[in-house]
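S.K.: Shown below is the structure under consideration.
Read-outs throughout are calculated quantities, based only on the coordinates presented, and are distinct from any laboratory measurement. Owing to the predicted nature of the structure, the values given are computational and were not obtained by experimental measurement. Positions of Cβ are generated from backbone atoms using ideal geometry, with glycine treated the same way; all protein chains shown enter the neighbour counts.
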Amino acid sequence: MSIYKLGQSVLTKFEPETAHRMTIKALKAGFGPKGAPQLDPLLKTVLPKSGLELNSPLGLAAGFDKNAEVPSAMSGFGFGFVECGTVTPQPQPGNPRPRLFRLTEDRAVINRMGFNNDGLDVFVANLKKYRGQARLGANVGANKVSEDKIADYETGVRAVWAHCDYVTINISSPNTPGLRGLQDKASLTDLLTRCGEAASAAEEADKVSRPVFLKLAPDLDETAIDDIVGVIDTAGSWLSGLIISNTTLERPDTLQSVHKGEMGGLSGAPLFELSTKILRAFADRLEGRFDLIGAGGISSAEQAYEKLSAGAHAVQVYSALVYLGVDMVSDINRGLVGYRS
């Protein structure tokens, strides 16, 4: 048993959010890998629209490192990209605890965190300290009490632009009132128009271009998917792609845990089929016009490959780390090498 697997088994004895903070503190204290990982050249991936080069198509999803405290440490485990956030312009405490639940029997997690974070000033200061090899992503959101949520996204895009390798606009969390409404056709058009202007201004001011991704929910019907495709097709070249998907509000009948009725977004194993179905639907419609990052329920190389086969150009994990630990990263990388060799 590796030291990381041992630590992961100990952390499961603690309340989930306490265990998570202990993990972040341990990584900040230096209990992460030493040196850069040696990844097989067969894992190298280039996202076709943005040209973003990755040492592995396996990334860390937003939510693990909300304040960009440990991206360098996480890079050392073999991720090709690490995404920090979600960050909001102003600090906010999030929803009352408890707000994070392990559904152990289901290999799942329910969270209603509510974008708890220390705000953009702290986040950007931490981004500036990054020294890892993995590509660094910055995931931006809106404050709960903001009257103009799109303005928060504009602020976030401009603030992080010079200090990361790509930006994600997260309009898919179910735990901030009104946020998912930005996926509606009219609201999304307004969002992308204004964020496109913010991206152009940031690119001109900082003299550097950045891929920008839109993170979507899996709870979309065929009409909503068609509407979103229609909007992003007219958004302009600044939008690079989509991340599909965030957590779901659905509760499959197969759930066994006593926590299955908790409010919030469900992630982990039960999300895999739904998120992959939505990913495939977007891939079929977009026909390669945008980069696609698949997320939701991945815990093995087989599942990562299934996302890639469904149309993703890269994939992200998070919830499975709760149950399998960081050794999962090298396991998936090795498995993907096998698929590519």
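S.K.: Using the charge dipole of the range 3-340 (Lys, Arg: +1 at Cβ; Asp, Glu: -1 at Cβ; taken about the Cα centre), state which of 111, 216, 33 has its Cα farthest towards the positive end.
M.R.: 33
S.K.: Below 8 Å between Cα atoms, with a sequence gap of 6+, how large is the relative contact order for the range 73-181 in percent?
M.R.: Values: 187 pairs, mean separation 33.4, N = 109.
Rounded, it is 31 percent for the range 73-181.
S.K.: Next question, about the same structure. Kindly provide the pair-distance distribution of the range 244-292 built from C-alpha pairs, with 5 Å bins from 0 and whole-percent values in order of increasing distance.
M.R.: Binned Cα distances yield the sequence 4, 19, 27, 18, 13, 10, 6, 4, 0.
S.K.: With +1 on each Lys and Arg Cβ and -1 on each Asp and Glu Cβ, and nothing else charged, work out how big the dipole of the chain is about its Cα centre, in Debye to the nearest 20.
M.R.: For the chain, the charge dipole is close to 1140 debye.
S.K.: Gaussian network model of the chain, Cα springs within a sub-10 Å range: biggest mean-square fluctuation belongs to which of 303, 38, 133?
M.R.: 38
S.K.: Now, a different point. Per the helix-only calculation at 222 nm, which mean residue ellipticity applies to the chain, given -39500 (n - 2.57) for every DSSP H run of n ≥ 4 and division by its residues, nearest 500 deg cm²/dmol?
M.R.: It comes out at -11000 deg cm²/dmol, rounded to the nearest 500.
S.K.: If the chain between residue 251 and residue 184 were fully stretched, how many nm would it gain, using 0.36 nm times the residue separation less the Cα-Cα distance? Mind dumping the intermediate values first?
M.R.: Details: separation 67, 0.36 × 67 = 24.12 nm, distance 2.28 nm.
Working it through step by step, the gained length comes to 21.8 nm.
S.K.: Please go through the range 145-199 and write out the GluC sites (Glu not before Pro) that DSSP classes as loop and that have at most 14 other C-beta atoms within 10 Å. Please list the in-between numbers first.
M.R.: Working: sites: 147, 154, 197; in loops: 147.
Listed in order of number, the matching sites are 147.
S.K.: So what does the Cα-only Debye profile of the range 231-341 read at q = 0.10, 0.24 Å⁻¹, as log10 I(q)/I(0), no solvent term?
M.R.: Values returned for q = 0.10, 0.24 Å⁻¹ are -0.33, -1.29.
S.K.: Which percent of the Cα-Cα distances in the range 131-237 go past 24 Å? Walk me through the numbers before you get to the answer.
M.R.: Numbers: 1322 of 5671 pairs.
Everything past 24 Å amounts to 23 percent.
S.K.: Of all DSSP beta bridges located in the range 3-340, what percent are antiparallel, nearest 5? Don't skip to the end; give the middle numbers.
M.R.: On the way: 12 of 42 bridges.
Within the range 3-340, antiparallel bridges account for around 30 percent of the total.
S.K.: Next question, about the same structure. Find the centroid of the Cα atoms in the range 129-193 and in the range 309-341, then give the distance between the two in whole Å.
M.R.: Cα centres, the range 129-193 to the range 309-341: 25 Å.
S.K.: Next question, about the same structure. What FRET efficiency comes out for the pair residue 204/residue 151, r = Cβ-Cβ distance, R0 = 25 Å, nearest 0.05? Intermediate results must be reported in sequence, preceding the final value.
M.R.: Values: r = 19 Å, r/R0 = 0.77.
After rounding, the FRET efficiency stands at 0.80.
S.K.: Let me understand the range 151-209 better: what is its radius of gyration from the alpha carbons, and its Dmax, in angstrom?
M.R.: For the range 151-209, the Cα radius of gyration and maximum Cα-Cα distance read 12.1, 35 Å.
S.K.: Using the count of nearby Cβ atoms within 10 Å as a rough guide to exposure, how do 84, 195 rank from fewest to most?
M.R.: Numbers: 84 29, 195 25.
In increasing order of surrounding Cβ atoms, one gets 195, 84.
S.K.: I want to verify the translational diffusion coefficient of the chain in µm²/s; compute it with Stokes-Einstein, Rh as the Kirkwood radius over Cα pairs, at 25 °C and 0.890 mPa s.
M.R.: Details: Rh = 19.8 Å.
This corresponds to a translational diffusion coefficient of 124 µm²/s.
S.K.: Follow-up. Quick one: plug the Kirkwood hydrodynamic radius of the range 37-158 (C-alpha pairs) into Stokes-Einstein at 25 °C, 0.890 mPa s, and report D in µm²/s. Kindly include the intermediate steps, with their values, before the conclusion.
M.R.: On the way: Rh = 15.7 Å.
Calculated translational D: 156 µm²/s.
S.K.: Any chance you could tell me what percent of the C-alpha pair distances in the range 15-91 go past 15 Å?
M.R.: Details: 1830 of 2926 pairs.
Percentage above 15 Å: 63.
S.K.: Loop only per DSSP, at most 15 neighbouring Cβ atoms within 10 Å: give me the GluC sites (Glu not before Pro) in the range 221-267, ordered by residue number. Each step should come with its number before you reach the end.
M.R.: On the way: sites: 222, 250, 262; in loops: 250, 262.
Qualifying residues, ordered by number: 250.
S.K.: What trypsin sites (Lys or Arg not before Pro) does the range 118-224 have in DSSP loop regions with at most 15 other beta carbons within 10 Å? Could the numbers behind the result be given before it?
M.R.: Numbers: sites: 128, 129, 131, 135, 144, 149, 158, 180, 185, 194, 207, 215; in loops: 128, 129, 131, 144, 207.
Taking the range 118-224 and a limit of 15 other Cβ atoms within 10 Å, the loop trypsin sites (Lys or Arg not before Pro) found are 128, 129, 131, 207.
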